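The values are calculated or read from the model by the stated rules, or taken from the named source; none is laboratory data. Note that the structure is predicted; figures quoted are calculated from it, not measured. All Cβ positions, even for glycine, are placed from backbone atoms using ideal geometry, and neighbour counts span all protein chains on display. Note: accessible area is taken over every heavy atom of the protein model, side chains too, but ligands, DNA and RNA are not part of it. Shrake-Rupley method; radii C 1.70, N 1.55, O 1.52, S 1.80 Å.
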Amino acid sequence: MKPLILALALVLAVPASPASAHPGPGHHPRPAKDLRQLSQQLHIKIGSAVDIASLRDEPMYRKTLNREFNHVTAENAMKWESVEPERGVYTWDDADALVENARRNHQQIRGHTLLWHNQLPAWLTSGVEDGSIDATELREILRDHITTQVRRYKGKIRAWDVVNEVVEEDGSMRQSIWLTHLGPGYIADAFRWAHKADPHAKLFINDYNLEWNAPKIETTLNIVKDLKAERVPIHGIGFQGHLGIQYDYPGDWANVMQRFADLGLEVAVTELDVRMVLPVTPEKLATQADYYRRALTDCLSVRACRELTVWGFTDLHSWVPGWFDGEGAATLMDENYAPKPAYKALLSVKGRK
Ligand code: G3I
């Protein structure tokens, strides 16, 4: 074939450009090639937790993170013990590194977390324990912490996990130092202080097992209703989504998401991972893939669900093996960054109905 004829034949063989075809909602001309493209097609932010040491030291980690994700959460770097290990001594380097990497790679940020019962600095917990920090001072310290951190990243954080894990498994309020020393009003205070420091950031309450645990769900719904009734600035609910294939998939999750959406909240899946009892088998990977696919599909079925973040993206760096004896392989890629069936299952998900 002559070159000119060959060129003409090629042009005729290429289908009309998708841009000119104005595809309807849910119709995608071709499967996404990676999660960033999927995110654009589905109109949902797709994020990952970030381990700062790996971001700094491992080119493959950095490259994969920045290629795949348009939303990021610091796995540990923005927690209180990380940013103020000694009283009044702030160590922002790691958190700043995440924010700067996000800026350069067009990633939005979820700030995690302003108030939690874990990973508090030792000076704070021991001061409360030995009585050298009383309730009045503790409230001041909390207000300063929230104000200082939110102000530092004003305009740079899309959404903050303002309070994390404040409800127990039985639906009672968590007996943290915050509840026992400050009383239940600490939650409203935390949201108000955060809002004052950055009025444009979306403010979330975040928890685990909220996908299925009825007492926890009901209490959290009531917290949100009460806050709304008091005109407290709360904008979103975060479902952590730490799942395991040895448990049934939480089949009612989309309905639970919708109940929070009906209160006017944005919904996010904030820490998705799906662990398994080791060793890994092809069957287990297939089940895991199905759980990831269902989580994304559930999120897409609720109009208010706008972000799905995974808690790490490679089995090389995941909190799971360190916490659950004999379990692991919870993320989308294996230890060599090879995509697992779960990754491909996400790419196959079609748009909102
Ligand atoms: O910083 C020290 C380091 O100096 C030391 O050398 C090393 C030795 O083990 O430990 C380091 O601290 C670890 C820290 O992560 C930072 O890597 C802690 O031991 C370890 O317990 C801590 O685990 C984190 C965990 O939260 C703590 O509760 C996990 O990485 C992190 O993935 C996990 O994230 C939580 C979310 O914030 C909230 N939802 C649940 C989720 C999973 O537990």
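By per-residue mean of other Cβ atoms within 10 Å, what is the highest-first order of 103-114, 133-144, 336-347?
103-114, 336-347, 133-144
Can you list the aspartates and glutamates whose alpha carbon sits under 19 Å from that of LYS340, skipping same-chain ones fewer than 8 residues off?
The reachable aspartates and glutamates, counting only those whose Cα sits under 19 Å from LYS340, are ASP34, GLU68, GLU271, ASP273, GLU283, ASP290, ASP315, GLU327.
Relative contact order for the chain: what is it in percent, counting Cα pairs under 8 Å that are at least 6 residues apart?
16 percent.
Give the cross-link partners of LYS202 among the lysines, using a straight C-alpha distance below 22 Å as the criterion and excluding same-chain residues fewer than 8 apart.
Reachable lysines: LYS45, LYS79, LYS154, LYS156, LYS225, LYS228.
To the nearest 20 debye, what charge dipole does the chain have about its Cα centre, counting +1 at the Cβ of each Lys and Arg and -1 at the Cβ of each Asp and Glu?
I would put it at about 2320 debye.
With just the Cα atoms defining each centre, how far is the stretch 311-335 from the stretch 96-146? Give it in Å.
So the separation of the two Cα centres works out to 26 Å.
Just order 157-167, 92-102 by mean Cβ neighbour count inside 10 Å, highest at the front, would you?
The packing order, highest mean first, is 157-167, 92-102.
Once you've got the GNM for the chain with C-alpha springs shorter than 10 Å, pick whichever of THR73, THR281, THR219 has the biggest mean-square fluctuation.
Maximum fluctuation in the GNM of the chain, among the listed residues, is at THR281.
Could you work out the helix-only [θ] at 222 nm for the chain, with each DSSP H run of four or more residues adding -39,500 (n - 2.57) and the total divided by the number of residues, to the nearest 500 deg cm²/dmol?
Value at 222 nm, helices only, nearest 500: -12500 deg cm²/dmol.
If you count, for each residue, the other Cβ atoms within 10 Å and average over each peptide, how do 244-250, 45-51, 286-292, 173-179 line up from highest to lowest?
Result, highest mean first: 45-51, 286-292, 173-179, 244-250.
Roughly how many Å² is the accessible area per residue of the chain, as a whole number, for a 1.4 Å probe?
Value for the chain: 46 Å² per residue.
Roughly how compact is the chain, stated as its Cα Rg over 2.2 N^0.38 Å to two decimals?
1.07
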